[in-house]
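The values are calculated or read from the model by the stated rules, or taken from the named source; none is laboratory data. Only a predicted model underlies this, so the values are computations on that prediction, with no experimental measurement involved. Every residue, glycine among them, receives a Cβ derived from its backbone with ideal geometry; neighbour counts consider all protein chains shown.
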């Protein structure tokens, strides 16, 4: 490939990614779908790019995007609101993920005749919603603050739960019961990540202001973010939960970075870097896309039905725990179940460790990502119509004008 194509192709992709992101505000189509379709056109359809050249890069790029997204998500959470809505968000994340894993495992057992361990692993890969899709989408959807915070917590925690679950299941040797192994692995990972995230957040909140106004301070902060993940992995944790806790702690310390000009520059830097990495990842994912063969049409249809059913059950079962929502908000909670970056990353990880047993998983993951993102489009359109109806009712309602006497004797008019 000559230099013109090497630099021209990324240039064109970045321009298209920005345009797709801007158009998503009007079309209500998530930019992830546009990026995936571009990749499919370059790879499987036109064969302009060889997918085998990116098999290693895409896993690294996906994990990097996930690290940046979780850190940025932690920075945007305020502790008071997080505590208020955390019971509902945590419960929704756990119940939704648990129901999805259970239903997919049962379907895989019946239709794919896999072992229960492999069935559980398949459900663990496909069970979590994607913060890479949810966080940008809810910023463009007219939704109550309670729904936005709940969905942010659910997607962020759901991805972490998925990473911990898949990592634990892969590490089991088969002699230990699945449930016992999950409890032990979860406790170990969570303890390490929470302690590391809090400690790093407290320490960095005191050190970072000394460098914030200097040149290359954002690069230094990025090094700290990557270092937290590396230390978490080295210590035996997942590293991802540590990133979320690190961002949350850093943003809510007394001298919070988001309240300063340097803090705003830091968040802008991470936001643009996240967009860059995320855009290339989804294009590469489309380039490497595989389509489900005829032998797996019935199983994938069963899995898609299980995803919808599990989401419906989870929302109905946990709605009571989510504060400050009305019945109409439950529909938005149901529709916001997109799969994305974490599903693709975990699918590639399982394929690399389990080999031919899961040769069909990348194609299945790609199908699930496309299918579930259609619901995001429906959610955006539904939310827009709901806001339009409220505005219309407010305008058409009669204006109540009442004249009350003021204490000074001058009449006051209140509308």
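Restricting to the range 33-51, name every residue that is assigned to a helix (DSSP H, G or I), more than 25 Å from the chain's Cα centre (by Cα) and free of Cβ contacts under 8 Å to residues at least 60 places away in the same chain.
45
In the range 204-220, which residues are farther than 11 Å from residue 249 by Cβ and part of a helix (DSSP H, G or I)?
If the condition is that a residue be farther than 11 Å from residue 249 by Cβ and part of a helix (DSSP H, G or I), then 206, 207, 208, 209, 210, 217, 218, 219, 220 are the ones that fit.
Here are some residues: 236, 223, 201, 187. Which one is assigned to a loop (DSSP other than H, G, I, E, B) and surrounded by fewer than 23 Cβ atoms within 10 Å (Cβ to Cβ)?
On the way: 223 fails: assigned to a loop (DSSP other than H, G, I, E, B); 201 fails: assigned to a loop (DSSP other than H, G, I, E, B); 187 fails: assigned to a loop (DSSP other than H, G, I, E, B).
Going through 236, 223, 201, 187 in turn, just one is assigned to a loop (DSSP other than H, G, I, E, B) and surrounded by fewer than 23 Cβ atoms within 10 Å (Cβ to Cβ): 236.
Return the total of residues in the range 339-359 being more than 19 Å from residue 157 (Cα to Cα) and either touching a residue at least 24 places away in the same chain (Cβ under 8 Å) or in contact with a strand residue (DSSP E or B) (Cβ under 7 Å, 6 or more places away or on another chain) (or both).
8
State whether the residues of the range 117-128 include one that is outside any helix (DSSP H, G or I) and crowded, with 18+ Cβ neighbours inside 10 Å. Give the derivation first.
First pass over the range 117-128, keeping only residues outside any helix (DSSP H, G or I): 127-128.
Restricting the remaining residues to those that are crowded, with 18+ Cβ neighbours inside 10 Å gives 127-128.
The answer is yes; a qualifying residue exists.
State whether one or more residues within the range 268-278 are modelled with pLDDT of 80 or more, over 30 Å from residue 13 (Cβ atoms) and part of a helix (DSSP H, G or I).
No, the range 268-278 contains no residue that is modelled with pLDDT of 80 or more, over 30 Å from residue 13 (Cβ atoms) and part of a helix (DSSP H, G or I).
Which number in (1) modelled with pLDDT of 85 or more; (2) buried (at least 20 other Cβ atoms within 10 Å of the Cβ); (3) part of a helix (DSSP H, G or I) marks the one condition that residue 102 misses?
Here residue 102 clears every test but (2).
Test residue 77 against the stated conditions and say whether it is outside any helix (DSSP H, G or I), closer than 29 Å to residue 226 by Cβ and touching a residue at least 12 places away in the same chain (Cβ under 8 Å).
Working: outside any helix (DSSP H, G or I): yes; closer than 29 Å to residue 226 by Cβ: yes; touching a residue at least 12 places away in the same chain (Cβ under 8 Å): yes.
The answer is yes for residue 77.
Mind listing whichever residues of the range 20-33 are farther than 21 Å from residue 347 by Cα and buried (at least 20 other Cβ atoms within 10 Å of the Cβ)?
20, 24, 30, 31
On the basis of being without any contact (Cβ under 8 Å) to a residue 40 or more places away in the chain and farther than 27 Å from residue 62 by Cβ, does residue 294 make the cut?
Yes: the conditions hold for residue 294.
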